[in-house]
Amino acid sequence: MRPRTVRDMVLGQGLPKICIPIMGRDYSQLLEAAHFALDQDADMYEWRADYLTEAADQEKIQEGLQKLRGLIKDSPLIFTLRSENEGGMQTLSDPAYGNVNASVIESGLADIIDLELNRDQEMIKELITAAHKKGVHVLLSSHNFEETPPKEDIITILRRMQELDCDITKYAVMANSESDLLILFDATLAMKEKYADRPFVTVAMGEKGMLSRVEGGMFGSALTYARGKESSAPGQLTSSQVRYIMHLLHQ
């Protein structure tokens with residue numbers, strides 16, 4: 001696996017990096033959440049722009065990015081415009097989704113852009129190419145909020161993402177039982193040992209999957225998301241909890 005360097009952070013090397021999502025319906029809420037996140041123990045931040053009421057407005061997005069960049073300084077920033085069917089707040093069409101992400105890429109204010117695998121494939125390929133030309137890393141993601149698919153399906157999806165030439169792959173599933181968590185860990189380990197040629201992220205959401213957020217790194221996952229002022233997904237812990245448990249297990 002070849003790690004990716006994002007500013008001064010190396011993803012895919014050492015312990016998983018901790019990312020705190022920042023959310024707000026308007027700039028006031030956004031900045032309040034950002035100040036809260038900065039007081040936590042995180043390696044990087046994610047702007048969940050889909051929470052913004054005017055998320056389809058490119059000018060509003062640019063202004064939000066500028067405000068966040070001014071606060072977080074040189075910390076790595078992921079930009080995410082999550083669709084409703086992927087667990088987000090927006091129902092944007094493919095063209096609208098593509099236009100917002102293209103404008104973010106062009107601005108250079110985000111270090112990583114999260115793109116959804118289950119969008120128009122030609123559009124995704126064009127966005128990946130544009131991002132790489134601007135020096136922006138691409139995290140390709142997919143989410144299953146219903147279940148944990150079989151091990152082979154998880155591996156197939158992550159390998160499909162790699163074929164699209166992204167920099168980081170991410171697949172999140174819902175753990176409805178302890179067995180589901182073991183399936184995810186088994187698939188994660190197989191990716192680490194046999195298939196992954198770049199950093200990847202796996203998450204088991206929900207209470208049953210909480211262990212994946214602190215112990216996924218042992219099996220190969222490169223990044224974990226911790227709770228900010230609000231949780232962006234079920235089962236998130238605080239960054240201090242994640243950091244403490246990871247160091248306790250790996251000391």
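Numerical summary
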| item | result |
| --- | --- |
| Three-way shape label, the stretch 126-251, alpha-carbon gyration tensor, a/c 1.5 | prolate |
| Amide H contacts under 5 Å for ASN176, placed H, 5+ residues apart | THR148 |
| HN-Hα J in Hz across the stretch 50-58 - Karplus 6.51, -1.76, 1.60, θ = phi - 60°, x for Gly and Pro | 5, 6, 5, 4, 9, 5, 8, 8, 4 |
| Cβ crowding within 10 Å averaged over residues, with 181-188, 75-82 ranked highest first | 75-82, 181-188 |
| From phi via Karplus (6.51, -1.76, 1.60), per-residue ³J(HN,Hα) for the stretch 89-100 in Hz, x at Gly/Pro | 10, 10, 10, 6, 5, 4, x, 5, 4, x, 5, 5 |
| Cα→Cβ-extended label distance, 7 Å offset, between ASP165 and LEU211, nm | 4.0 |
| For the chain, calculated [θ]222 nm from helices alone, where every DSSP H run of n ≥ 4 adds -39500 (n - 2.57) | -12500 deg cm²/dmol |
| Computed P(r) (all Cα pairs; the chain; 10 Å bins; percent) | 8, 34, 40, 17, 1 |
| Pairwise FRET efficiency - LEU248 versus GLU122, Cβ, R0 = 35 Å, nearest 0.05 | 0.15 |
| Label-to-label distance, nm, for residues given as ASP186 and GLN66 (7 Å Cα→Cβ offset) | 5.2 |
| Using θ = phi - 60° and Karplus 6.51 cos²θ - 1.76 cosθ + 1.60, couplings along the stretch 187-198 (whole Hz; Gly, Pro as x) | 5, 5, 5, 5, 4, 4, 7, 10, 10, 6, 10, 7 |
| Built amide H within the under 5 Å cut-off of VAL6, gap 5+ | LEU11 |
| Relative contact order (%) - the chain, alpha-carbon pairs under 8 angstrom, separation at least six | 21 |
| Modelled label reach - THR238, point 7 Å along Cα→Cβ, the stretch 29-55 residues with backbone N closer than 17 Å | 33-43 |
| Debye, to nearest 20: dipole size of the chain, +1 on Lys, Arg Cβ, -1 on Asp, Glu Cβ | 720 |
| Inter-label distance, nm, simple model (7 Å from Cα along the C-beta direction), ALA96/LYS133 | 2.6 |
| For the stretch 4-250, share of DSSP beta bridges that run antiparallel, in % to the nearest 5 | 10 |
| Nonlocal Lys pairs with alpha-carbon distance under 20 Å, the stretch 4-250 (8 or more apart, or different chains) | 18 |
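Values in this text are rule-based calculations from the coordinates and carry no lab data. What you see is a predicted model; the values in this text were computed from it and never measured. No Cβ is skipped: glycine too gets one built from the backbone with ideal geometry, and neighbour counts run over all protein chains shown.
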